[in-house]
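These notes concern the structure reproduced below.
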Amino acid sequence: MMMQNKKIRVMIVDDSLLFRQILASELSMDPEIEIVAKASDPFQARDMILETQPQVMTCDIEMPRMNGIEFIRRLLPQYPLPVIMVSTVTSAVFDAMNAGAVDFVVKPNARPVLVGQENKPDMRQNLELFIQELKAKIKTAAHARVRQETVGQAVEVNNHDVFDSGNLIAIGASTGGTEAIFSVLSALPANMPGIVIVQHIPPVFSHMFAERLDKQTRLTVKEAENNDIVEPGHVILAPGDKHIQVKRIGGQYKIECFAGEKVNGHCPSVDVLFHSVAHEAGRRAIGLILTGMGSDGARGLLAMRNSGARTLGQDEESCVVYGMPRAAYEMGAVGRQASLSDLPGMLITLSRDPVK
């Protein structure tokens, strides 16, 4: 009975009966997960929430009567429930994250076939990878802090500030990071020092995320390619399936983008980027670690601080998941810890101050 009480109570919302059944069957095999409700649309789900009291909800985006994005916008003010969007490959997942979802997973029939198996797609393997990823995200979401309003409020910026073009800002994030990164970048002026980011995100979505940031912030944002130069006012975002690191060439920083083994369970890895920034930029760098599960980036941020870089960490109250920032803070890697709303101003101040 004690084991039963410790299970994570999950509600599945999807208009496909077959998909609901498959999801419930596969997830129920995990001893830590219990499926307490299955709903075909948001209206049915709304009626089931009080009765079943789920701890986490998985939700499709495209559904009849009301889409998943509108549903969580209406739901979360009344029931602050962690929601994981389960969808096809679409930029609408970022609208869902902005509405308050804590994470997203790509449906198995929308995933690319593995390299070398183009002519004989293994649907079972595709499904197993999807279920494995969804289980992990459900377990993370069960401990997540749910936002009940969108982030990225309008702030006054000064595009006439003078910054040292030799400075470099490195940012790492995971669960909840897409909205945290947007919140930070949207409050920065167009002439900031160059910024390099690792966000744990699936391939394809990293390109969509870069395009979204490019359109919705004052900065020029692109997905990283090998030999990119990090310029003032520009942001380079790691692809969803490649590591990135920086190499100092004269007075500039060049991006090295490469496939490799996972580090701390991730590719791209924040640690890979941060260690390279520590080595190549030293005291000319500013490091920032944002919301996310696990400890990726903590050792790299410590290396940055030990090399003379200024380092910042997001505080627990403003994190969706206070995992990565906690690990970095407890290791002594974080010079200053602050709320998400205060971090852009701190980045501006640190970028403005001359490096001594």
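The values are calculated or read from the model by the stated rules, or taken from the named source; none is laboratory data. Quick caveat, the model's predicted, so the values are computed rather than measured. Don't worry about glycine lacking a Cβ; one is built from the backbone with ideal geometry, like all the others, and counts go over all protein chains shown. For accessibility, only protein heavy atoms count, side chains too; no ligands or nucleic acids. Shrake-Rupley method; radii C 1.70, N 1.55, O 1.52, S 1.80 Å.
For the chain, list the DSSP H helices whose alpha carbon atoms reach 24 Å or more along the long axis and whose average Kyte-Doolittle value is -1.0 or above?
The qualifying helices are 123-141.
Annotation: amide H of ILE33 within the under-5 Å range of ILE8, sequence separation 5 or more or interchain, hydrogens built in the peptide plane. Counted over the chain, the DSSP beta bridges are approximately 20% antiparallel.
Rounded to the nearest 20 debye, the dipole size of region 188-239 about its Cα centre is 200 debye, using +1 on the Cβ of Lys and Arg and -1 on the Cβ of Asp and Glu. Going 7 Å from the Cα of ASN227 in the Cα-to-Cβ direction, what parts of region 248-282 have a backbone nitrogen less than 19 Å from that spot? Hits in region 248-282 for ASN227 at 19 Å: 248-259.
Think of a 1.4 Å ball rolled over the protein heavy atoms: the chain then has 44 Å² of accessible area per residue. Note that region 257-323, at 4 °C in a medium of 1.567 mPa s, gets a Stokes-Einstein diffusion coefficient of 106 µm²/s from its Kirkwood radius over C-alpha pairs. Cross-link partners of LYS107 among lysines, defined as those whose alpha carbon lies under 22 angstrom from its own and excluding same-chain residues fewer than eight positions apart: LYS38, LYS120, LYS135, LYS137, LYS139, LYS242. Dipole magnitude for region 8-60: computed about the Cα centre from +1 point charges on Lys and Arg Cβ and -1 point charges on Asp and Glu Cβ, it is near 100 debye. Just so you know, the Cα atoms of the chain work out to an Rg and Dmax of 20.6, 65 Å. DSSP beta bridges confined to region 212-310 are antiparallel in about 65 percent of cases.
Taking 0.36 nm per residue of separation and subtracting the Cα-Cα distance, full extension of the segment from GLN125 to SER28 would add 33.1 nm. The residues packed around SER295, meaning those with a beta-carbon under 14 Å from its beta-carbon, carry a net charge of 0 if Lys and Arg are +1 and Asp and Glu are -1. What separates the Cα centres of region 283-313 and region 1-51 is a distance of 38 Å.
Solvent-accessible area assigned to carbon and sulfur over the chain amounts to 49 percent, based on a 1.4 Å probe. Note on the chain: with charges restricted to the Cβ of Lys and Arg (+1) and Asp and Glu (-1), its dipole about the Cα centre is near 540 debye.
What relative contact order, as a whole-number percentage, does the chain give when Cα pairs under 8 Å and 6 or more residues apart are counted?
12 percent
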